[in-house]
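Rule-based calculations on the coordinates, nothing more; no lab input. Because the structure is a prediction, the values reported are computed rather than measured. Ideal geometry is used to build each Cβ from the backbone, glycine not excepted, and the neighbour counts take in all protein chains shown.
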Amino acid sequence: MRRLPPMNSIRGFEAVVQLGSFTAAARERGVTQGAISRLLKIVEEFLVKRLFRPAGRGLVPTEWAEEYAMELRVALDRIEAATERIAEPTTRHVLRVNIIHTLAMRWLIPRLPAFQRRHPRLDVRITTSSGPVSQIEEPFDVAIQRAAMTYPGYESRVVDVLKSGRMVAPFKGLTIPCSPVHVLFPKEGPSNPRSQTFVAWLFEQGAAAPAEDAARASP
């Protein structure tokens, strides 16, 4: 028998950390804030650990809770992908994004709901890594790293993800300095159109680096 918290409590916890508030998580899950609080209590009792700590007038997740939520998101994505392979095909297209763990947690994941509302047929699946692109084990359509990178059949661009030069955490009041990042995406092939859509959205979120810098980063 697997030792896991109830699935509803896992999904509630992951939603709170991803969306950055109990209210948003309750709205997404279609339940009350009280129900979300009860789901989090179930996870806390199962793990025998506090998930959140006081910060100002609200609560923010602990560092280990953010990491746990990220791992849960990856697991839930894999469960969904396995279900889709067995179920009837749909018109949604999967876009696999590999990204630096910190940037995923602090910047990309909190903004994904807005991207999904604009592009409902694109299903973004996130994996994280910290090593060079050659060491990424999971298949990817788009890779986002701090260092310049090359990969056969892929194009590289430099993106400043925020005009302010700071990366905003999902909870108010938490910020981490951020430098421009390098984005790798396929030059052609079936995933190229949806990859281009995602990269264009990244540029909308901030400002592109000077053209000569982007050119130097291209393979």
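Exposure proxy for S129, S195: other Cβ atoms within 10 Å of each Cβ, ordered fewest to most, give S129, S195. Less than 5 angstrom separates the built amide H of T128 from those of I99, all sequence-distant by 5 or more or on a different chain.
Short-range pairs are left out: with C-alpha atoms under 8 Å and at least six residues apart, the relative contact order of region 1-89 is 25 percent.
Multiplying the residue separation of R38 and R85 by 0.36 nm and removing their Cα-Cα distance gives an extension gain of 13.6 nm. For E155, the amide hydrogen comes within under 5 Å of the amide hydrogens of F185, K187, counting only partners 5 or more places away or on other chains and with H modelled in the peptide plane. The modelled label-to-label distance for the pair K49/E28, using points 7 Å beyond Cα in the direction of Cβ, is 2.0 nm.
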